[in-house]
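Below: one structure, written as structure tokens.
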Amino acid sequence: MSAVIEQTIETYGIDNWGAGYFGVNRKGNLIVRASENDNHSADVKEIIEDLKKRGINPPILLRFPQLLVGQIRKLQSAFRKSIKEFEYSGSHMCVFPMKVNQNRAVIEEYLREGTRYNFGLEAGSKAELYAGLAMDQSEDSLLVLNGFKDKEFIELAFTGAQAGKNVVIVIEKLSELDHTLKLAEELANERPGAKLPMVGVRVKLYSKGSGKWEKSGGEAAKFGLTTTEILEVIRRLQEAGKTEMLTLLHFHIGSQLTDIKRIKNAMKEAARTYAKIHKMNIPIQYLDVGGGMAVDYDGSKTAFESSANYNAREFANDVVYVIKTVCDDENVPHPTIIQESGRYLSAYHAILVTNVQDEIETVVEDITTPITLEVNDTQVVKELYDLRETINVKNHREYYHDALEHREELFQMFNLGLISLEDKGKGEVLFWDVCEKADEYAQQKKYVSEEFDELRRLLSTKYLANFSVFRSMPDNWALEQLFPIIPIHRLNKKPTEYATLCDITCDSDGIFEKFVDLHDVKPVLELHKLIKDEPYYLAMLLVGAYQEVMGNNHNLFGVPHEAHIHIGEDGHIIKKVIHGATLGDSLATVRFDATQLHDQFRRIVQQRIKDGELTSKDGHQLIEFYESQIDSYTYLSPNGS
Ligand SMILES: *Cc1c(COP(=O)(O)O)cnc(C)c1O
């Protein structure tokens, strides 16, 4: 591998956050592997070019089902090894929390692989349950129901149990237990021996997680039953003679748990609760440890909010070991461990690829335009000119501060009407010239002070990326969650620009000024200079969990095109292409009807024709064009087409 490629791999941190799935080939293109040690790979640039030939333009969401499978295997094998190592006598199964990504392709692929290990599903709403009920699951796998439930929700759960599924109704509120017991009694009278759903309880732990979702745990959490409430559930079950229904204890202290210590503490508390319930002669057998296994988005392997200070093996070791120790201490059998990991399983498999549409200059078009001083230039312009000519490595800081003052003066004089537009323009160019030089000198120092970091951000180029952060990366907007972003080509060339990114929504929140970095967060991203008439593509990675399904319609940017890719011996195979939303699709979400819009537009144009402002021919051309656009993509067409 060339030294330059090695350097770019390091610049973007591919080996840190890539979990072995991503790399760069000799052509300098980003590649995706089905697993860490796989020799086969798919070239992302080639995929995009193939799709373009089919008329599919960026932004495009690429789905690699093999990466979902890879994550399932990693998790399963981590637990298998820990169970063996600690001679744990229970087993481990997952239930996929559907809210993380309800796309049919994801659920089906997950079950195809997961069924081999009795992996099941977790649903948190009636709609998710409805889909879950129709999916084929293995005989021993579970269908766990979390979230608040009404009577219909519980009736659907009973329907699932009678259809043969191992449904677990996790009680979030005591009223849910009452509905459940009533339905169980009715069913027992109507159809004695019918399969009933099981009951679980979600415990509110004292232990909290860490990171952005810390609030999901602790005493003030939204979900979960207190100790008294759990005892009340048991009392009501005993009263109804139905204690055998209670089979599962659940807890979930939040998503993206960054710190393994916190997880261990929660595990101890939950395992103890489990053991105590078991000792009350309740045939409880499942301990559901929730989700929360973190994805190391920045690759720093730390407890930073976009990272995690543990891997799957350490996580499994801690879970298995703690449960075993507590259960042995309490002398109760080891439970089947249920895990609800969504983020960890699905984040890697999806990549959004888009093109940089253009760049937005922050400063002046061409900063090197020679500016000459004229005798009648105003004093402030002369001073800025002087700073530019004499700034050096020793005085750069002081001169930069002087320049800031002069700029302030420039604006004040302009506002008072004392200088012309030309004076102001000249002064601005000189000011940015000083900044550029100050930045250059500052970066030569070993320790760059914060004010120059800020300057670097100001001086950076803004690249306009053809996508919507609200649609495709909502957590970046809402939670400042970081995702790796890298070019999919030219990785055999050193990136020479420092850029920030803007999306194409009309929202100033649609910007990226924080990028993943091994040691910190980068205020700018190293990218290549745009080449005229040549596309420049960026990939936003690890977006398979939450992002696509939580994205919204801001500005009516709809779902992007989607392609399902198989990585084979000879590279990629495009298995399926799903067209993204058209203008018509997006407008329909806000209840605009295409036919009605067409009628109304036609009426407006016909009036113009009647008024003699348009010829009939021109008018009809307008109508025809307007109507033809209803089926176009909501994103920008690539430049030059
Ligand atoms: C959201 C959620 C999960 C999934 O969490 P991840 O961090 O994606 O693993 C699991 N269980 C419950 C109850 C949840 O609400």
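Annotations
- Debye intensity ratio in log₁₀ form over the Cα atoms of region 379-455, taken at each q of 0.25 Å⁻¹: -1.08
- Förster-model FRET efficiency, 25 Å R0, Lys446 and Asn395, C-beta, rounded to 0.05: 0.85
- The phi-based Karplus calculation (6.51 cos²θ - 1.76 cosθ + 1.60; θ = phi - 60°) puts the 3J(HN,Hα) values of region 192-206 at x, x, 5, 5, 9, x, 8, 10, x, 10, 9, 9, 8, 8, 6 Hz, whole numbers, x for Gly and Pro.
- If R0 is taken as 41 Å, the Cβ-Cβ distance between Tyr130 and Ser91 corresponds to a FRET efficiency of 0.90.
- Taken over the C-alpha atoms, the chain has Rg and Dmax values of 29.9, 104 angstrom.
- Centre separation in Å (Cα based) which lies between region 1-28 and region 258-320: 32 Å
- Over 29 Å between alpha carbons, listed pairs Lys445/Lys514; Lys27/Lys532; Lys74/Lys529; Lys27/Lys81: Lys74/Lys529; Lys27/Lys81
- Rounded if a/c under 1.5, otherwise prolate or oblate - region 1-94, Cα gyration tensor axes: oblate
- Residues Trp432, Trp477, sorted by accessible area with the largest first, give Trp477, Trp432 [1.4 Å probe; ligands and nucleic acids excluded].
- Three-way shape label, region 584-640, alpha-carbon gyration tensor, a/c 1.5: oblate
- Peptide ranges 111-120, 589-598, 344-353, 543-552 listed from the most packed, as the mean C-beta count within 10 angstrom indicates: 344-353, 543-552, 111-120, 589-598
- Full-stretch length increase - Ala194, Thr226 - with 0.36 nm per residue and alpha-carbon distance subtracted: 8.4 nm
- Residue among Thr390, Gly425, Val380 farthest towards the positive dipole end of region 379-455, charges placed on Cβ: Thr390
- Computed [θ] at 222 nm, helices only, for the chain once each DSSP H run of length n ≥ 4 contributes -39500 (n - 2.57): -13000 deg cm²/dmol
The values are calculated or read from the model by the stated rules, or taken from the named source; none is laboratory data. Since the structure is predicted, the reported quantities are computational estimates derived from the model, not experimental observations. So basically every Cβ, Gly included, is an ideal-geometry build from the backbone, and we count neighbours across all protein chains shown. Note: areas computed on protein heavy atoms with side chains; ligands, DNA, RNA excluded. Shrake-Rupley method; radii C 1.70, N 1.55, O 1.52, S 1.80 Å.
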